[in-house]
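The numbers here are math on the coordinates, done by the rules we state, and not lab data. The shown structure was predicted, so the numbers you read here are calculated from the model rather than taken from an experiment. Methodologically, a virtual Cβ is constructed for each residue, glycine included, from the backbone with ideal geometry; neighbour enumeration extends over all protein chains shown.
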Amino acid sequence: MGPVPQAGKLLDVDRKRRTLVVFDSTTQRLKTIPCALIEERAGMARHDRRLAGRRFPRVDHARQTITLHLPKEPVLLTFSVPPDYLALPAETWMLGDEIRYYFKDPAQALRMMNVTKTEIR
């Protein structure tokens, strides 16, 4: 299987529409949150030395911003959300790992791979 996948509540980041989709555990529903993009740095791969020692997401209550690293694209985003959403727990802004599984019977997975944390190359 490889590394155990990490679940996250941030499901989608739409930079064109400037929205975030998160799973709200209190209502057990998806919630679309408007955001204002402050900074976008492209070309920030997972092993970039500028990201060394930094953990994401970073919630800055003083500046009212959230910084995320999207390793699949690779981009570093800093955005702001309305103040009532900024009070949500930090795990709300965590991206989950992408997994793939192989099956013949949909009720039973034969193999599973954590694509986010597995280096294929």
Please go through the stretch 2-34 and give me each residue that is assigned to a loop (DSSP other than H, G, I, E, B) and aliphatic (A, V, I, L, M), ordered by number. Val4, Ala7
For the stretch 72-111, how many residues meet the condition of being closer than 22 Å to Phe23 by Cα, aliphatic (A, V, I, L, M) and assigned to a loop (DSSP other than H, G, I, E, B)? 4
Which numbered condition Phe56 misses (of (1) out of contact with any Leu (no Cβ under 6 Å at 6 or more places or on another chain); (2) of a type in the set (Phe, Trp, Tyr); (3) part of a loop (DSSP other than H, G, I, E, B)): (1)
What are the residue pairs meeting all of these: first residue in the stretch 101-112, first residue basic (Lys, Arg), second residue surrounded by 10 or more Cβ atoms within 10 Å (Cβ to Cβ) and part of a strand (DSSP E or B), Cβ atoms under 9 Å, and 6 or more apart or on different chains? Arg111/Arg100; Arg111/Tyr101; Arg111/Phe103
Is it the case that the stretch 49-58 has a residue that's surrounded by 11 or more Cβ atoms within 10 Å (Cβ to Cβ), within 15 Å of Leu20 (Cβ to Cβ) and in contact with a helix residue (DSSP H, G or I) (Cβ under 8 Å, 6 or more places away or on another chain)? yes
Considering only the stretch 87-121, state which residues are among the hydrophobic types (A, V, I, L, M, F, W, C), surrounded by fewer than 16 Cβ atoms within 10 Å (Cβ to Cβ) and within 21 Å of Glu40 (Cα to Cα). Ala90
Failed item in (1) surrounded by 14 or more Cβ atoms within 10 Å (Cβ to Cβ); (2) over 16 Å from the mean Cα position of the chain (by Cα); (3) of a type in the set (D, E, K, R), with Arg63 passing the rest: (1)
